[in-house]
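Below: one structure, written as structure tokens.
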Amino acid sequence: MCLLSVNELMLVRVYIRCMFDVEEVIESSKKAGLLALLAVAEHAGEFSKIIELSQRFPGFVFPCLGVHPVQDVSPEQQRGASLQDLDAALPAIQKYKDELVAIGEVGLDFTPRLVSSESDKENQRQVLIRQAQIAKELDLPLNVHSRSAGRPTIHLLKEQGVDKALLHAFDGKPSVAMEGVKAGYFFSIPPSIIRSEQQKLVKQLPLENICLETDSPALGPEKQVRNEPKNIIISAEFISKIKGVSLETVMEVTTQNALRLFPKLKSAGVENPPVLCFQSKYSI
């Protein structure tokens, strides 16, 4: 999900299906000062829930629809995405195109347990290529997953002429990320940065190419503990320490980055308010 705070706009991705207490999560997000959330889908089966939630909380929850490179077969089994998965998703994407803030979550995932052959990788590439084309047709940014596939993902996006993309929780080398920076792409940083290799990435990324996210309920500050949108401040605080700049600067710059990347937020009435500093309950 994408989120804005009392202070500034930040990115927070939330997988609604994982939250049985979604109304409580949204209420706690508002109390923490967040101004908006972007709900991100992984497959067609989630689309109706995300659209319904955005309609229940207009002006606060904004939908992103897309086909993730990893699809669940069962709670214990996963597979790579196929064009058939995308075919099932296209009618809803077209139906709700005017409400969407981005196409996502899309991307490539070349984790060995998911890809056993070059044809498996090619299937994922074709799904991403088609969704990149859809995003360009609709003039929407892409919300991109790229696990174990940082370089191939960035190269494919560039080949397809994608100029608006957010790469979330990027696990590739910083040198590869810099290729994305040159293409104008943004990279979002979750609260798990306090315990991850992304600290090296943040050191090299220009602040002008950084957004904030939570990826709730995953990628929280503590392993095996459910993450929530309100934890976005942890990302901001840690980035400020790494970059040696004030928290206010991080929030102001990442806000402007997010508004440039997701202009529909601004047109929907989401504006960045004055910078107001608040303290996190977490120490880093």
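For (1) surrounded by fewer than 15 Cβ atoms within 10 Å (Cβ to Cβ); (2) among the small types (Gly, Ala, Ser), each residue gets a yes or a no:
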| position | (1), (2) |
| --- | --- |
| Ile51 | no, no |
| Pro63 | no, no |
| Ala92 | no, yes |
| Glu99 | no, no |
| Leu114 | no, no |
| Arg130 | no, no |
| Lys136 | no, no |
| Asp139 | yes, no |
One residue is enough: does region 152-175 have a residue meeting the conditions among the hydroxyl-bearing types (Ser, Thr, Tyr), at pLDDT 95 or above and crowded, with 21+ Cβ neighbours inside 10 Å? yes
What number of residues within region 44-82 are of a type in the set (Lys, Arg) and without any contact (Cβ under 8 Å) to a residue 12 or more places away in the chain? 1
Residue set Val245, Val225; condition assigned to a loop (DSSP other than H, G, I, E, B), at pLDDT 85 or above and surrounded by fewer than 16 Cβ atoms within 10 Å (Cβ to Cβ); output residue Val245
Quick check: is even one residue across region 81-92 closer than 22 Å to Leu140 by Cβ, among the aliphatic types (A, V, I, L, M) and in a loop (DSSP other than H, G, I, E, B)? yes
Go through region 202-217 and count every residue that is farther than 17 Å from Pro141 by Cα and either in contact with a Ser or Thr (Cβ under 9 Å, 6 or more places away or on another chain) or surrounded by 24 or more Cβ atoms within 10 Å (Cβ to Cβ) (or both). 5
Which of the following residues is farther than 20 Å from Ala258 by Cα and within 18 Å of the chain's Cα centre (by Cα): Arg113, Arg147, Arg125, Arg130? Arg147
What pairs can you find where one residue is in region 241-267 and over 18 Å from Leu201 (Cα atoms), the other is basic (Lys, Arg) and exposed (fewer than 15 other Cβ atoms within 10 Å of the Cβ), and their Cβ atoms are less than 6 Å apart, with a gap of 6+ or different chains? Leu259/Lys266
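The values are calculated or read from the model by the stated rules, or taken from the named source; none is laboratory data. Predicted, not measured: the structure shown is a model, and the values here were computed from it. Glycine gets a Cβ as well: all are built from the backbone with ideal geometry, and neighbour counts include every protein chain shown.
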